[in-house]
Amino acid sequence: MPAALEGSQAIARAVALCRPQVVAAYPITPQTHIVENISKLVADGRFDCELVSVESEFSAASVVLGAAAAGARAYTASSSQGILLMTEVLYDISGMRIPLVLTCANRAVSAPLNIWNDQQDAMAVRDSGWIMLFCADNQEAVDTTVQAFRIAERTELPVMVCVDGFTLTHTLEPIDLPSQEDVDAFLPPFEFERRLDPARPISQGTLVSPEWFPEVRHANYQALLAAEAEIEAAARDWAGLVGRETGALVEADGPGEARTGVLCMGSIHGTLEAARAAAPDLEPVRLIRLRCFRPLPLAAIEAACAGLDRLIVLERAIAPGLGGVLTTELRAFFADRADAPRIYGFAVGLGGRDVPLETLGRALASSAADNPRHFAVLDLEPEKLPEEDR
Amino acid sequence: MLEIRIHGRGGQGNVVAAYLLATAAIGEGRHAQAFPAFGAERRGAPVAAFVRIAAHPIHRRDQVRSPDFLIIQDQTLVHVPGVTTGLKPGGGILVNSERPAAELGLDPGFVTLTLPATRLAQEYLGRPVPNTALLAAFLSLTGALPLEALIEALAQRFKGDILERNRKLVEAAAHEVPAGAWKEDEDARSA
């Protein structure tokens, strides 16, 4: 019998099952319930860890950096402005190849102030050198959290588990929590070879001069690319252990004759699935979900898009002066491919605007033109704007 | 799929009501989803929460726009614009009110019933929190889930004397409404 759990509560329980020795976080909506639930588990004696209450997200990231550098399994969580305040440290963590796990409860970025869900925060740190996984539902958030620790520790790279704020964090749904035995079997105790240890002194993050800096960056770049294999292995091994598929890099499904694909990340996938099922008159659509955004799994994306004439990318963020991050990345990747699909990009659901079932039909209709707009906000209500801003 | 929208004011246990209902459904082996429409979370401000219950896994995550039923925790909300928007024709509205339904002036195309939920809560719990009484009455009206499922859901939150008081409140509130009066609606919609 699955448990009825709020997403944040389920994620907190999953974190506890992973037995991190250090958790440091600063509360921010919509991540708050994750930290509250972890605090309660610790206070109730059900989760034995050093829980560090810090005065800012900068400190939260710094504490887990230090803890993991010293060999502890460490965890933190944040959202939006909190992720931005952490950003300097996020680069430090990946630059020093410190393995740890962060849950990003995705939220819009100010200004104007908005506490609701989109994925602008994650996009803002897309080049920070972290592995970034996006979850479609809360079951996947639980399972991905466990996988994330193994991926981090095997690759010596930090992993950001992205879950849509409110849409997932504040939704109660049926959850199969894994057993402690299964998590322990999947996740052996963390032994960090390069840990800070007075008996074996090493330095981390020291000054690296131009003679070595490009080599360090190259090594990090290669490590992130190579992480694909560990992400796939973690998904495969976890499915073998608990019998649940989470997806690995890219998930695609739809009728074989579909020539149009719709690609997204995160929880709108479920709504698009329901939209497709509810509207059999729509043209056949292949739904493609990017679970792994960093490293960008180009071969898997190419395979998922095989045979498509048209690819519609639905993004939960916007890149001012450019359009869409993912749209642009995919256009660049497909630019030299002979039978590449035409790529249409839209932002949708910015700042928590509800994404209804009609979104799928609207996306198909809006991308029917021969000359697609470079990038557009799909659910814009232009009449709300003065003429000059439309 | 059964879709329910719960309206209330911040502090009335609106989200908890949605979570309890979905928890009760999951406990009965159904699939269910509950989530709030968060605005600014101020005590007293109008808030809404959504529940979906189905026999199959629920994938969609959009807000409930065409509910089968409304549960309104505060009678002063019944004429707030948007509260009854999208309710399916003939849909049921359960309002926390001391007044007869006819006095509330709601669209006669809907089926409105009232329950003095605040008074019942005050009597059984000593606190003016109407959510549990309304859920009990809703389940009694629709037969969507057995009352025991709601009590099981309450048992995940409360223990001892508080749970016992809630159990008595559930039974009392269920008896205040005509059991099964909305059952055909529920059967048709959850089919």
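A compact table of results
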read-out	value
Kyte-Doolittle mean at least 0.5, axial Cα span of 20 Å or more - DSSP H helices of chain A	A:80-95
10 Å Cβ neighbours from other chains, averaged over peptide A:283-296	0
Amide H contacts under 5 Å for A:I343, placed H, 5+ residues apart	A:L311
Vicinal HN-Hα couplings computed from phi for the range B:130-147 (Karplus, 6.51 cos²θ - 1.76 cosθ + 1.60; Hz; Gly/Pro x)	x, 4, 5, 4, 5, 5, 4, 5, 4, 5, 5, 5, 8, x, 4, 8, x, 4
Sequence-distant residues sharing a close amide H with A:A319 (under 5 Å, placed H)	A:G324, A:V325
Calculated FRET value between A:E381 and A:R194, using beta carbons and R₀ = 35 Å, to 0.05	0.10
Estimated [θ] at 222 nm from DSSP helical runs (n ≥ 4, -39500 (n - 2.57)) normalised by residues in chain B, nearest 500	-11000 deg cm²/dmol
Ellipticity estimate at 222 nm from DSSP helix runs (n ≥ 4, -39,500 (n - 2.57)) divided over chain A, nearest 500	-12000 deg cm²/dmol
DSSP beta bridges in the range A:3-242 [antiparallel fraction, %, rounded to 5]	15 percent
Given charges at beta-carbon only (K, R positive; D, E negative), |dipole| of the range A:251-389 in Debye	440 debye
The range A:23-129 shape via C-alpha gyration tensor axes, a/c threshold 1.5	oblate
Cα gyration tensor shape of the range B:2-190, rounded if a/c is under 1.5, else prolate or oblate by comparing a/b with b/c	rounded
Per-residue HN-Hα couplings for the range B:165-176 [Karplus 6.51, -1.76, 1.60; θ = phi - 60°; Hz; x = Gly/Pro]	4, 5, 4, 5, 5, 4, 5, 5, 5, 4, 6, 6
Alpha carbon centroid spacing (whole Å) that separates the range A:231-283 from the range B:152-190	38 Å
Debye, to nearest 20: dipole size of the range A:3-242, +1 on Lys, Arg Cβ, -1 on Asp, Glu Cβ	380 debye
Antiparallel content of DSSP bridges confined to the range B:2-190, in %, to 5	55 percent
Shape of the range A:127-197, Cα gyration tensor, a/c cut at 1.5	oblate
Calculated P(r) of the range A:192-348 - Cα pairs past 22 Å, %	55 percent
Peptide-level mean, for B:61-70, of C-beta atoms on other protein chains within 10 Å	4
Positive dipole terminus of the protein assembly as shown, leading residue within A:V216, A:T327, A:A347 (C-beta point charges)	A:A347
Other protein chain Cβ atoms within 10 Å, averaged over every residue that makes up A:264-274	3
Most to least packed among A:110-119, A:17-26 [average Cβ atoms within 10 Å]	A:17-26, A:110-119
Amide H within-cut-off set for B:R9, under 5 Å, with H built and near neighbours excluded	B:V47
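Every number in this text was worked out from the coordinates using simple rules, so none of it is lab data. Source: prediction; values computed, not measured. Neighbour counts run over all protein chains shown; Cβ positions are idealised from the backbone, glycine included.
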